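The values are calculated or read from the model by the stated rules, or taken from the named source; none is laboratory data. Remember, predicted model here, so these are calculated numbers, not experimental data. With ideal geometry, Cβ positions are generated from the backbone for all residues, glycine too; neighbour counts draw on all protein chains shown. Side chains included, ligands, DNA and RNA excluded: accessible areas come from the protein's heavy atoms. Shrake-Rupley method; radii C 1.70, N 1.55, O 1.52, S 1.80 Å.
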Amino acid sequence: MDINIIGIKALQLLCCFCLLVVLHEGGHFLFCKLFGVRVEKCFIFYDPKFHLFSTKDRWFTRLFPRFLKSETEYGIGWLPLGGYVKIAGMIDESMDKEQMRQEARPDEFRSQKVWKRFLIMVGGVLVNLVTAFVIFSAVMLHWGEDVLPMRNIEAGFAFNEAAEEIGFRDGDIPVKVNGKEIRGYSATLIRDFSRAKTVTVLRHGKDVTLKMPDKGLNMMDMLDMEPAFFTPLAEAVIDSVLPGSPADLAGLTKGSRIMAVDGKEMAYWSDYDSLMAGRTEREMTLVLARPAGGLLDTLSLTLDEDMKMGVVRRMPIGEEQIEHITYNALTCVPAGMRHGWEVLAGYVSDLRYIFTAKGVKSVGSFITIGSIFPDTWDWLRFWSLTAFISIILAVMNILPIPALDGGHVAILLYEWIAGREPSERVMVWLEYIGLGIIVALMVLAFGNDIVRWVLPHFGM
């Protein structure tokens, strides 16, 4: 990958991450200040052994002596794995057991009522969720929304064998899931299908309702299917040819239509995908209809190592089929809330796949997250991804894992139900266990990224 592209992606990730960490920790800080709880440290990134900057640094306090009187040390650590606020009177990743052995002060976390401590702990998650909804609303206000109504895809969809066994047929247009109208064609449809009880399709002008499998479908399996579970029907017309590709070397040109492959006739790209599923033979013979006059031509080519011929397909969806919706200052808020809730509900639903073999392999670190940012700076894409990642941070932090916000919330719930808090020894061990789980997840994520992104560059 080009070094400039890597730099642009890294810059977008850094800006997104710093913003969300500041806001998340600011949520904890806000409730601490609201309830008069002392915050000893507030850092972006972690600072084991040393830091990059601190308001307690000698040079800084000389310039701004008033920070000598501040009860909170603000700074930037060197380990970019998040951030933290060190709250007085609380066992956290700092493992400050000495403070806990002293008599509790009124401005410490442990001296507060359970409901106050609960709000302090969920403060970061709440701010992340609010941030996501605000960003989505602002995006709706500034850029609006493009929606492709299902009924506008007049050619319908192509379905693979697994879908045909359920009752789908090529040319069907899905219009409802569980009786609810599908708002538009999007990547999230595969999730909706995986957990649907019924799907209604438009077939020859009539609504036909199909019963989905009682146990639902595995979304991870559906995403790995070749050919895809469903895809818009598109005539096998070449939109463009990649320079130096097998198609370019064989003489394929823009606008040509593939009529047959190895003697098998085909009308749509879905026919080509079905033919290529599981194929190992790289040599193939094509019959083409040339764009000028429709003359037939026969060519032979050798696919590349990834079994690709190097063409961009002409898709059946044009701008005239897409509906652009604009919002004003009043309507953008419910639209942003709706979209944010859909993203949140979808992500929570997908968490169950983490505990599967394919889900474990899909876990990624900053390398994977950075890869989803565009190659060039795109404000719409940047803010949309920032809102999405803010939701991810909220959900991951509220998981009941010790050392995370959700783990502390679980302990508070135990204290509220049992009427007593766990002993200091238990709290310390839970913190160690939580940190161990987090480290293990980090190792898994970085390991997956090395296999996924780094090793292929070395031919491994």
Which numbered condition trips up Y432, out of (1) within 17 Å of Y46 (Cβ to Cβ); (2) open to solvent by 60 Å² or more (accessible area, probe 1.4 Å); (3) modelled with pLDDT of 80 or more?
(3)
When you go through (1) open to solvent by 60 Å² or more (accessible area, probe 1.4 Å); (2) over 25 Å from C18 (Cα atoms); (3) part of a loop (DSSP other than H, G, I, E, B) one by one for R66, which number turns out not to apply?
(3)
Can you go through L380, L344, L399 and tell me which one is touching a His at 6+ places or on another chain (Cβ under 9 Å) and either more than 23 Å from A440 (Cα to Cα) or not basic (K, R) (or both)?
L380
Please go through the range 15-52 and give me each residue that is buried (at least 17 other Cβ atoms within 10 Å of the Cβ) and more than 26 Å from G406 (Cα to Cα), ordered by number.
H51
Yes/no for G156 being buried (at least 18 other Cβ atoms within 10 Å of the Cβ) and under 20 Å from the mean Cα position of the chain (by Cα)
no
Candidate set: the range 178-191, residues that are open to solvent by 20 Å² or more (accessible area, probe 1.4 Å) and not in a loop (DSSP other than H, G, I, E, B); chosen: the one nearest to L202 (Cα to Cα)
E181
Quick one: count up the residues across the range 282-333 that are in contact with a Pro (Cβ under 8 Å, 6 or more places away or on another chain) and small (G, A, S).
1
Determine whether the range 235-252 contains at least one residue that is closer than 26 Å to L189 by Cα, out of contact with any helix residue (DSSP H, G or I) (no Cβ under 6 Å at 6 or more places or on another chain) and modelled with pLDDT under 90.
yes
In the list L13, L63, L30, L68, which residue meets the criterion of being farther than 30 Å from I372 by Cα, out of contact with any strand residue (DSSP E or B) (no Cβ under 8 Å at 6 or more places or on another chain) and touching a residue at least 40 places away in the same chain (Cβ under 8 Å)?
L30
Residue check for F118: in contact with a strand residue (DSSP E or B) (Cβ under 7 Å, 6 or more places away or on another chain), modelled with pLDDT of 85 or more and open to solvent by 10 Å² or more (accessible area, probe 1.4 Å)
no
So the check is Cβ under 9 Å with 6+ separation or different chains; which pairs have a first residue in the range 262-279 that's on the phi > 0 side of the Ramachandran plot and modelled with pLDDT of 90 or more and a second one that's open to solvent by 50 Å² or more (accessible area, probe 1.4 Å) and part of a loop (DSSP other than H, G, I, E, B)?
D262/E281
Of those in the range 329-346 that are part of a loop (DSSP other than H, G, I, E, B) and either open to solvent by less than 80 Å² (accessible area, probe 1.4 Å) or in contact with a Gly (Cβ under 8 Å, 6 or more places away or on another chain) (or both), the residue modelled with the lowest pLDDT is A329
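Is at least one residue of the range 359-372 in contact (Cβ under 8 Å) with a residue 40 or more places away in the chain, more than 15 Å from A445 (Cβ to Cβ) and in contact with a helix residue (DSSP H, G or I) (Cβ under 7 Å, 6 or more places away or on another chain)?
no
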Could you list all residues from the range 254-271 that are open to solvent by less than 60 Å² (accessible area, probe 1.4 Å) and either under 30 Å from G184 (Cα atoms) or part of a loop (DSSP other than H, G, I, E, B) (or both)?
G255, S256, I258, M266, A267, W269, S270, D271
Out of all the residues in the range 147-157, is one or more of a type in the set (K, R) and not in a loop (DSSP other than H, G, I, E, B)?
yes
Those residues of the range 225-248 which are in a strand (DSSP E or B), farther than 29 Å from A163 by Cβ and hydroxyl-bearing (S, T, Y), in sequence order:
S240
Within the range 372-387, residues under 11 Å from the mean Cα position of the chain (by Cα) and surrounded by fewer than 19 Cβ atoms within 10 Å (Cβ to Cβ) come out as I372, S384
How many residues does the range 272-294 hold that are in a loop (DSSP other than H, G, I, E, B) and either of a type outside the set (A, V, I, L, M, F, W, C) or farther than 15 Å from I238 by Cβ (or both)?
10
